[in-house]
Every structure is written in structure tokens, then in C-alpha cells.
Amino acid sequence: MREIKFRAWDEEKRKMIYQKPVLAFYYFMTWDGGHVFENGLLMPYIMLQYTGLKDKTGKEAYHKDRVRFLTIYSETGASDEWTGIVEWDDEDLCWYIDNDSDKWPVVKFRFIDYFEIIGNVFETHEKVEP
């Protein structure tokens, strides 16, 4: 079973919050996303859940992280390298990497020879090419 934890993007301060334990947040989900209350005030945080995966360096992968991943085809020895964003699929109920042309569900990660976190959608605004 994976560890359930979060980090938060502070929209006002434009920075990621790691140091606060999530238990300090009063967090609840609505159909239009998540809302965070702290000391009774609605906070401008976007909650990002840990996927349970770590990249090739041991860094934890969270929702909205930008990743680079490599696949090597055993039949030919050819390889492909892509970048994408870690997303959640409400229909299939799984984490996946969206690289604009394909969705790689977590179950397919066994076919990925490595993946590396290269940023996130909040702090790394430009699309990073392989």
C-alpha cells in the first residue's frame, strides 16, 4: 500500500509548500477541485497528491510533475524518450503520464526503463523537450 501524502502550490506566493504537514490543513474535495482551509480561512492552495512512485533518483512523483521517460524496445533495441505531465484519470482511476499524444497509465510503467522528474507545471512553465 502506498503512502498518502500531499504538497501544495501557493497561488499567491507562487511557491510550493513542502514543510507544513498536511494534517495542518483542513482539506476537502468538491466537484470543481480541492479547497484548503487553514485557521478558518480559505487558502489559495492547490493540493497535489503523491503518486506512490519515485523517479530514477528516488525523488517522489506528485500530481502535475513534469517527467522525462525512456522506453527501450526489446525486439529492436530502439529507444524513445518523451516528456509528459503526471495526471489522474477519473474514469480509469489511475495515475498516468500525458505527453500530448498518448497517455501512459502507471501499469505501463513496467515498460518504461526510467523516468525522471524535471519540474512541475507551476514552476516549469515551458514545455521541456527530450
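In table form, for the structure just shown:
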{"quantity": "Note, ³J(HN,Hα) from phi for region 78-91, Karplus 6.51, -1.76, 1.60, rounded to Hz, x at Gly and Pro", "calculated": "5, 9, 10, 10, 10, 10, x, 10, 6, 10, 10, 9, 5, 6"}
{"quantity": "Segment Asp100-Asp80, length gained on full extension (0.36 nm per residue, minus Cα span)", "calculated": "5.7 nm"}
{"quantity": "Derived scalar couplings ³J(HN,Hα) [region 60-69; Karplus, 6.51 cos²θ - 1.76 cosθ + 1.60; whole Hz; x for Gly, Pro]", "calculated": "6, 9, 10, 3, 6, 6, 8, 10, 10, 9"}
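None of the figures in this text is laboratory data; all of them are computed from the coordinates on show. Nothing here was measured: the structure is a model prediction, and the numbers come from that model.
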